[in-house]
Amino acid sequence: MAFPLRGYQSRFTIPFVDLLSDEQLVELNAILDWNSFLVDGRGRRFGRAASNRKGSRSQGFPNKRTRLMHEAFNIEGRSVLEVGCFEGAHTLGLCALGAKVTAIDGRVENVVKAIVRTAMFDFHPRILVYNVEERPLPAQFLSAEYCHHVGVLYHLKDPVSHLLELGTLIEKGVLLDTHYALDEEAVERYQVAGESFPFRVYGEFGYAEVLSGMYDHAKWLTLPTILELLRRAGFERIHRVDPRVGTQGPRVLILAERAA
């Protein structure tokens with residue numbers, strides 16, 4: 001389905017897009033293989049809609065989850081690690097709230113798109129290519145006071161190690177939003193440091209599919225396991241646990257921080 005360039009209502013002032021002619025914006029939109037879009041101050045599409053239903057709507061920022069994070073932690077002037085920046089919509093929200101953002105993504109094309117998108121708003125976060133399941137983690141780049149972690153955990157093949165490692169990188173608090181497995185669905189187990197953890201296997205399509213995980217499968221943890229791992233990582237104060245039904249099953253938003 002083709003989406004028009006003009007005629008959208010949810011508008012933002014995008015300083016360096018608003019200046020472009022229609023022809024220049026069409027060229028910009030065609031250079032990169034976008035899977036999301038925003039609308040500039042002239043009602044024009046910056047980016048391109050994905051074929052799925054979720055990607056057919058314009059992106060807004062800061063969205064509800066990012067605002068909840070700000071209300072809980074006040075991230076203005078604080079360093080925030082964004083895990084999984086995709087094409088920069090959440091990055092924009094964090095920047096708009098005054099955070100000092102380091103954003104990472106395992107795919108080069110997502111990092112390039114996020115850099116372009118934030119630069120067009122005259123925001124300048126640090127954005128780099130990094131797969132969070134690679135070891136060792138470059139703490140000199142990734143350490144931060146807070147972590148914005150949305151839509152990534154359920155794509156990982158070793159989510160246990162990842163959650164525990166967050167405790168070595170993040171000084172204060174975490175916003176985590178992820179799908180999870182119901183207890184009765186988590187019929188398989190895997191070992192980390194000699195301990196067994198239940199999970200549900202979830203098929204993925206690998207690096208070539210931009211909306212998928214990086215490998216052939218992911219492990220969905222149960223909600224009690226996720227909460228326990230956050231506590232073990234040092235985020236003992238669980239402020240908020242909001243389960244809901246997501247597009248692929250049970251999903252939850254969690255706000256947690258270290259005890260004072």
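The table below lists the values:
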{"quantity": "Residue ID - nearest to residue 257 (Cα to Cα), chosen from residues in the range 191-224 that are in contact with a strand residue (DSSP E or B) (Cβ under 6 Å, 6 or more places away or on another chain) and among the hydroxyl-bearing types (Ser, Thr, Tyr)", "calculated": "222"}
{"quantity": "Sole residue being closer than 28 Å to residue 207 by Cβ and aliphatic (A, V, I, L, M), chosen from 49, 96", "calculated": "49"}
{"quantity": "So residue 60, is it free of Cβ contacts under 8 Å to residues at least 24 places away in the same chain and assigned to a loop (DSSP other than H, G, I, E, B)", "calculated": "no"}
{"quantity": "Any hit, the range 23-35, residues being crowded, with 20+ Cβ neighbours inside 10 Å and closer than 27 Å to residue 242 by Cα", "calculated": "no"}
{"quantity": "Qualifying positions in the range 156-214 - touching a Pro at 6+ places or on another chain (Cβ under 8 Å) and closer than 27 Å to residue 64 by Cα", "calculated": "179, 180, 181, 182"}
{"quantity": "Filtered residue count, the range 209-242, keeping only those that are exposed (fewer than 14 other Cβ atoms within 10 Å of the Cβ), under 18 Å from residue 199 (Cβ atoms) and either within 18 Å of the chain's Cα centre (by Cα) or of a type in the set (Asp, Glu) (or both)", "calculated": "1"}
{"quantity": "Residue tally, condition in contact (Cβ under 8 Å) with a residue 12 or more places away in the chain, surrounded by fewer than 14 Cβ atoms within 10 Å (Cβ to Cβ) and either of a type in the set (Ser, Thr, Tyr) or out of contact with any strand residue (DSSP E or B) (no Cβ under 6 Å at 6 or more places or on another chain) (or both), over the range 243-259", "calculated": "1"}
{"quantity": "Top-ranked residue in the range 125-167 [being among the hydroxyl-bearing types (Ser, Thr, Tyr) and outside any strand (DSSP E or B); ranked as surrounded by the most Cβ atoms within 10 Å (Cβ to Cβ)]", "calculated": "154"}
{"quantity": "Every residue from the range 169-194 that is in a helix (DSSP H, G or I) and either at positive phi or free of Cβ contacts under 8 Å to residues at least 60 places away in the same chain (or both)", "calculated": "183, 184, 185"}
{"quantity": "Scan of the range 132-162 for residues that are under 28 Å from residue 248 (Cβ atoms) and modelled with pLDDT under 95, ordered by number", "calculated": "132, 133, 134, 135, 137"}
{"quantity": "Selection from the range 67-96 of residues that are of a type in the set (Gly, Ala, Ser) and either part of a helix (DSSP H, G or I) or under 17 Å from residue 38 (Cβ atoms) (or both)", "calculated": "72, 88, 89, 93, 96"}
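Okay, residues lined up against (1) more than 17 Å from residue 142 (Cβ to Cβ); (2) in contact with a Gly (Cβ under 9 Å, 6 or more places away or on another chain):
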site	(1), (2)
69	yes, yes
78	no, yes
84	no, yes
94	no, no
98	yes, yes
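The values are calculated or read from the model by the stated rules, or taken from the named source; none is laboratory data. As the structure is a prediction and not an experimental result, all values here were calculated from the model. Every residue, glycine among them, receives a Cβ derived from its backbone with ideal geometry; neighbour counts consider all protein chains shown.
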